[in-house]
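Student: There's a structure below that I have some questions on.
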Amino acid sequence: MRLGNLKAIAIAASVIWAAGCSTTSQDTDSGDSMDHTQQQTDEGSATSQGTDSSSMTHGQMDTDTGMTKADVMSLTSVFYFDFDQAVVRAEAFADLSAHAKFLVDNPSQLVVLEGHADERGTREYNMALGERRAKAISRYLTVQGVSNSQIEIVSYGEERPAVIGHSEDAWGQNRRVEIKY
């Protein structure tokens, strides 16, 4: 690996670590979260993975964050990566932090992280790259306090392109992780 790549990875890891430390140190409302969690469990809100496991309907207000399910769904849910990289870009941090806050405040909510790659490289390599990208997003979310049990990682590699084409523009749109609730 080149020295420049190592520096970029070290900087990204430091930023992710710092963001996680500042967010978790401000979490002082654990009593209310516990009551909210118990209420969701009592209402039988948990369903199978891949479906909406939250007790909130699309427009219902989350009492902990003031965010509705619709607010979370309006956030950026597709995060792009550079060629042959699995490093979360800095411009993704704000939206990922908002997703993380919602997931922390709604511990019964499940999320699927779908990793993708462009068509270049072997099928096997692209499956592994899609998984590394999804795991990078997962690490960011868990540093923010999201439970591993709320996260499912799936890699589609090059199998589900967002854009069909053989250009840098098409490839750039296919190097992504999609968050699905």
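Student: Can you work out ³J(HN,Hα) from phi for every residue in the range 80-86, in order, using Karplus 6.51 cos²θ - 1.76 cosθ + 1.60 and θ = phi - 60°, giving whole Hz and x for Gly and Pro?
Tutor: Rounded to whole hertz, the list is 9, 10, 6, 4, 6, 10, 10.
Student: Something else about it: Ranked highest first by average number of other Cβ atoms within 10 Å, how do 99-107, 169-177 line up?
Tutor: Most protected by this proxy first, the peptides run 99-107, 169-177.
Student: Along the range 158-171, what does the Karplus equation 6.51 cos²θ - 1.76 cosθ + 1.60 (θ = phi - 60°) give for ³J(HN,Hα), rounded to whole Hz, x for Gly and Pro?
Tutor: Once rounded to whole Hz, the list reads 9, 6, 10, x, 6, 9, 8, x, 10, 10, 4, 4, 5, 4.
Student: Moving on. Once a ≥ b ≥ c are taken as the square roots of the eigenvalues of the Cα gyration tensor of the range 105-181, is the result rounded (a/c under 1.5), prolate (a/b larger than b/c) or oblate (a/b not larger than b/c)?
Tutor: Numbers: a/c = 2.72, a/b = 2.27, b/c = 1.20.
Note, shape of the range 105-181 comes out prolate.
Student: Then there's this: Return the sequence-ordered ³J(HN,Hα) values of the range 94-106 in whole Hz as given by the Karplus equation 6.51 cos²θ - 1.76 cosθ + 1.60 applied to θ = phi - 60°, using x for Gly and Pro.
Tutor: Taking θ as phi minus 60°, the curve returns 4, 5, 5, 5, 5, 4, 4, 4, 4, 5, 5, 6, 10 Hz for the range 94-106.
Student: Select from the range 73-181 those GluC sites (Glu not before Pro) which occupy a DSSP coil region and have at most 13 other Cβ atoms within 10 Å, ordered by residue number.
Tutor: Hits after loop and neighbour filter: 159.
None of the figures in this text is laboratory data; all of them are computed from the coordinates on show. Note that this is a predicted model, so its numbers are computed, not measured. Glycine gets a Cβ as well: all are built from the backbone with ideal geometry, and neighbour counts include every protein chain shown.
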